[in-house]
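Report on the structure given below.
What follows draws every value from the coordinates through simple rules; no lab data is involved. The structure presented is a predicted model; accordingly, all values stated were derived computationally and were not measured.
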């Protein structure tokens, strides 16, 4: 009895738990971590509450609050607008993107830093990937312009669309009005 009692007293005696104390050296105490996290969250919420405790009644304060809410929606809708413009008028869009491709790298880095600080912890790699994708898109511009011209040439009101070789008779027939019996009868019945 004496040996086992001494072992248990050595490990668990005097209100201490040597196993738990040793384990906490290698692994964080979950209960203690939860208590610390709760304290941090409570302090954070108190800080946020103190920021909004001040009553803002002035027009300038309301104007600044409104301006602070604008950049994200403007960027989101502006990006969607770029996609719409790219589909509606690809040549106009490509011309503007050609101008953007001439912006020097340091200016892109500066703009990326400003946007990163405003929106929080963005990485420069994203803007460099964006610039690379713009260059790849601009490389496709001549093909897109040629394809657009080819599609415009296939419109239904273009003479010789169905004809594989030019013919003067077909061209004249396509542009000269022809007699339409139904239209002529309708015109005769009009007062």
Fill in the blank from the handout: Note: residue 179 to residue 61 extended length (0.36 nm per residue) minus current alpha-carbon separation gives 35.2 nm
Completion exercise
region 89-152: relative contact order from alpha carbon pairs under 8 Å, six or more residues apart, as a whole percent, is 45
Exercise for the section: Please work out the C-alpha center-to-center distance from region 47-64 to region 77-102 and express it in whole Å. Expected result: 39
